[in-house]
Amino acid sequence: MNRDALLELLYMLSNTPGTSGDEIEVRRALRPHLEGHVESLRVDAMGNLIAHKKGTGAHDLRVLLTAHMDEVGLMVVDHTGEGALKVATSGSIDARLLPGLEVRVGPQARPGVIGIKAIHRADEDENVIPVSALTVDIGAHDREEALELAPIGTRITFATTAHPLGQLVAGKAFDDRAGCAALVALLQGPPLPCDVFGVFTVQEEVGLRGARVAGYTVAPAAAFVLEGTIADDLPKEEEGSPTSEIGKGPVLTVMDRSYVADPRLVRLVIQVATAAGIPYQFKQPGIGGTDAGTIHFTREGVPAITLAIPCRYIHGPVALLDPQDLEHTVALLRASLEQLTPEVIQRP
Amino acid sequence: MDLELLTQLTQAFGPPGYEEEIRAVIREVVTPLADSVWVDPLGSLVALKRGTGGGKKTVLAAHMDEIGVMVTYVDEKGYLRFTRMGGISPLMHIGGRVRFADGTVGVISVERREDSSKIPALEQLYIDVGASSREDAPVKVGDPAVFMRPLVAQGRRLISKTLDDRVGCYVLIETLRRLGPTPDDLYFLFSVQEEVTLSGARTSAYKIDPDMALAVDVTMTGDTPKALPMAVEMGKGPAIKVQDSGMIAHPAVRDLLIAAAERVGIPYQREILLGGSTDAAAMQLVRGGVPSGCVSIPCRYVHSPSEMVDVTDVEQTVALLSAALAPA
């Protein structure tokens, strides 16, 4: 897939709403980009979209590749007498960035604005307004109208439309639509030596739930998880880890809060990157968690690794990434899968 | 007591996910003792001793991995920042040393702080490998390291790094060495990644699909100055787990162990551990559920570089397991 097509796909996926448990529109958006490129496409009981792409027959390893479809957002939990929506977060969002934001509410993508009730600016050092004190205004006149337009459980996402930004691109939900775009690009390519199960997972942001059952269903010999990860690479007051940096290539996880990546897969990816001249970096160990955290302990155990595209400002309304990192991630994943033989992960 | 073996076990490198070295040590010892030996996908080692009877399957699990640290950042001057692999507390490690897989040794120290009376955060500690710059540092982000301390035998007490849970591995090996014919098939599971996720025991127990599972691990004691109240003391015999923060032992498993101890006259202690758990917590919940329990070796200073156990407790733990698994 060339860069224009890859970015067009990323923009489309980024613009599509899909909070945890409500990934149907993302799933629907992905399907036409997979049909014709994979042998089968199905949806499991949790809502994971499972694409099976047969290997060349060089060996019989089953390899699971995942990217999660869900994004962080809000959910309607109540209505005020004045017709505003009370909300809770779905996934982790920093409450400091919410007041005043434009949002999209429900399946009709109804415009809304996050306001604050009883706003007062007398004290600039006012504490962070908790999400429970925020309201979303959709222009409803009263409770009845609000109830009808946005009943309890209605999904709310950031209103961002993806676009280029200098050499970078900007958009919402790059965590993990960037991973979804990379996985589509891989699946659209020629067959690999291994049997590939590309799974677009659900409910990652609320507890790595979709991946867990996908791991059980696929019962793979190894798993590669694709992510959009934290790049905390702005200048710091004190020298310290940026977690990852944009423009420095795919980000390898060695260990995070959810699992320890298989050292043999880490070695393989490093060797492949070095041989192919693809830049790579290590994610700051001990930070965050990914779908690998629940895949690796399914059934008899699954050696796993996470490859991520570094993104600034994830879990906010606008994230930034470098298209070159996205392309390098697709290239590194493909090259690694080409070199993944049974010998790499066998246990003599 | 085979102190040579326990020395080898405690000193072998094996932070979570990086258990190759300790696995090789154990594999060499158990291979001639077992009917078959294999390694599972995540790296756990299993030694099977076949039983004489109806083919019931019992798992005995001790974990090979040890707590450690992983490099998160190498600064311009070559100092390392790090994160925890398993539960470590800054207070236990300042002034201590770590060793990387390639033998590189580092000193753990702490930044100067405005208020030095407060316990520092882990982020305020660093490792000094003697490098003079980032380029000169012999290690990189993502490299794991373990704490250093030799094994010392002093009277009836043993002091060493990583008695958690290499003394459990030792108990499993000694049990395998001494045990005569047993009715059940016994799966001696040397698990990986206990200190972080319990994933090794969980996945190997899934594969084995056992009828009963026992973890053999260390537990804390209440016998030190101003310790948290806990009715387990070092030197008073193996502790039979009633419950911990991750598992309630199956009453029949607990009582099987108690009956065995009473039958052969081994002193034992009933254990309730308020903070912490073992591989049994994960094994209990695989597939449709597995009746599970745990035998613990009382250990002072767990997760410090100088853990302490009593030789008699260790030997009696072997005797208790033997009595429970091979009823005369």
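Here are a few things to note about the model shown:
- Selection status of A:Leu168, at pLDDT 95 or above, in contact with a Leu (Cβ under 6 Å, 6 or more places away or on another chain), surrounded by fewer than 24 Cβ atoms within 10 Å (Cβ to Cβ) and within 22 Å of A:Ala304 (Cβ to Cβ): no
- Residue that is farthest from B:Ser277 (Cα to Cα), among those in segment B:221-231 that are of a type outside the set (D, E, K, R) and surrounded by fewer than 24 Cβ atoms within 10 Å (Cβ to Cβ): B:Pro225
- Looking across segment A:276-296, the residues that are touching a residue at least 24 places away in the same chain (Cβ under 8 Å), more than 7 Å from chain B (Cβ to nearest Cβ) and among the small types (Gly, Ala, Ser) come down to A:Ala276, A:Gly288, A:Gly289, A:Ala292, A:Gly293.
- Condition met for B:Arg97 (modelled with pLDDT under 95 and either within 14 Å of another protein chain (Cβ to nearest Cβ) or under 23 Å from the mean Cα position of the chain (by Cα) (or both)): no
- Among the residues of segment A:259-301, those identified as surrounded by 21 or more Cβ atoms within 10 Å (Cβ to Cβ) and part of a loop (DSSP other than H, G, I, E, B) are A:Tyr259, A:Ala261, A:Asp262, A:Lys283, A:Gln284, A:Pro285, A:Thr290, A:Asp291, A:His296, A:Phe297, A:Thr298, A:Gly301.
- Where strands (runs of 3 or more DSSP E) fall wholly inside segment B:1-94, the ranges with 1 or more residues that are within 12 Å of another protein chain (Cβ to nearest Cβ) and touching a Ser or Thr at 6+ places or on another chain (Cβ under 9 Å) are B:36-39, B:45-49, B:68-74, B:80-85.
- Checked against the criteria, B:Glu271 counts as buried (at least 21 other Cβ atoms within 10 Å of the Cβ) and under 20 Å from the mean Cα position of the chain (by Cα).
- From the list B:Ile88, B:Ile94, B:Ile22, the one residue that fits, being within 29 Å of B:Ser204 (Cβ to Cβ) and not assigned by TED's automatic domain parsing to the domain that holds B:Gly200, is B:Ile88.
- Index of the failed condition, A:Leu134 passing every other in (1) surrounded by 16 or more Cβ atoms within 10 Å (Cβ to Cβ); (2) within 26 Å of A:Asp175 (Cβ to Cβ); (3) modelled with pLDDT of 95 or more: (3)
- Where a residue in segment A:227-247 is within 20 Å of A:Glu71 (Cα to Cα) and away from chain B (no Cβ under 11 Å) and its partner, wherever it lies, is surrounded by 16 or more Cβ atoms within 10 Å (Cβ to Cβ) and hydroxyl-bearing (Ser, Thr, Tyr), with Cβ under 7 Å and at least six apart: A:Glu227/A:Thr290; A:Glu227/A:Thr306; A:Thr229/A:Ser244; A:Ile230/A:Thr243; A:Ile230/A:Ser244; A:Ala231/A:Thr243; A:Ala231/A:Ser244; A:Asp232/A:Thr243
- Pairs meeting the criteria (first residue in segment A:257-271 and more than 7 Å from every other protein chain (Cβ to nearest Cβ), second residue of a type in the set (S, T, N, Q), beta carbons under 7 Å, at least 6 apart or on different chains) are A:Ser258/A:Thr290; A:Ala261/A:Thr253; A:Ala261/A:Thr306; A:Leu268/A:Ser336; A:Leu268/A:Gln339; A:Val269/A:Ser336.
- Unique residue being in a strand (DSSP E or B) and surrounded by fewer than 18 Cβ atoms within 10 Å (Cβ to Cβ) when the list is B:Ala145, B:Ala213, B:Ala153: B:Ala153
- Of everything listed in (1) hydroxyl-bearing (Ser, Thr, Tyr); (2) closer than 19 Å to A:Glu82 by Cβ; (3) in a loop (DSSP other than H, G, I, E, B), the single unmet condition for A:Ser132 is (3).
- On inspection, A:Pro323 passes the criterion of being out of contact with any Asp or Glu (no Cβ under 8 Å at 6 or more places or on another chain) and more than 11 Å from every other protein chain (Cβ to nearest Cβ).
- Candidate set from segment B:166-182 (those that are aliphatic (A, V, I, L, M) and over 14 Å from the mean Cα position of the chain (by Cα)); member that is surrounded by the most Cβ atoms within 10 Å (Cβ to Cβ): B:Leu176
- Only one of B:Val192, B:Val196 that is among the aliphatic types (A, V, I, L, M), surrounded by fewer than 24 Cβ atoms within 10 Å (Cβ to Cβ) and within 14 Å of another protein chain (Cβ to nearest Cβ): B:Val196
- Only one of the numbered conditions (1) away from chain A (no Cβ under 14 Å); (2) touching a helix residue (DSSP H, G or I) at 6+ places or on another chain (Cβ under 6 Å); (3) closer than 30 Å to B:Ala281 by Cβ; (4) surrounded by 15 or more Cβ atoms within 10 Å (Cβ to Cβ) is not met by B:Ile119, and that is (4).
- Apart from one condition, A:Ser40 fits all of (1) within 19 Å of A:Val213 (Cα to Cα); (2) modelled with pLDDT under 95; the exception is (2).
- Out of A:Ala223, A:Ala173, sole residue that is in contact with a helix residue (DSSP H, G or I) (Cβ under 7 Å, 6 or more places away or on another chain) and on the phi > 0 side of the Ramachandran plot: A:Ala173
- Verdict on B:Leu320 being assigned by TED's automatic domain parsing to the domain that holds B:Phe188, modelled with pLDDT under 95 and of a type in the set (A, V, I, L, M): no
- Scoring B:Gly180 on the criteria (1) in a loop (DSSP other than H, G, I, E, B); (2) at pLDDT 95 or above leaves a single failure, condition (2).
Yes/no per residue for (1) without any contact (Cβ under 8 Å) to a residue 60 or more places away in the chain; (2) at positive phi; (3) not hydrophobic (A, V, I, L, M, F, W, C):
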residue	(1), (2), (3)
B:Gly180	no, no, yes
B:Asp185	no, no, yes
B:Gln193	no, yes, yes
B:Ile208	no, no, no
B:Thr221	no, no, yes
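- One residue from A:Arg334, A:Arg299 being within 14 Å of another protein chain (Cβ to nearest Cβ) and over 18 Å from the mean Cα position of the chain (by Cα): A:Arg299
- Taking (1) of a type in the set (A, V, I, L, M, F, W, C); (2) more than 14 Å from chain A (Cβ to nearest Cβ); (3) not in a strand (DSSP E or B) in turn, B:Val242 satisfies each apart from (3).
- Among (1) among the hydroxyl-bearing types (Ser, Thr, Tyr); (2) closer than 25 Å to B:Ile22 by Cβ; (3) in contact with a Gly (Cβ under 9 Å, 6 or more places away or on another chain), the one test that B:Tyr268 misses: (2)
The values are calculated or read from the model by the stated rules, or taken from the named source; none is laboratory data. Since this is a predicted model, take the numbers as computed values, not measurements. Cβ coordinates were reconstructed from backbone atoms using ideal geometry, including for glycine residues, and neighbour counts include every protein chain displayed.
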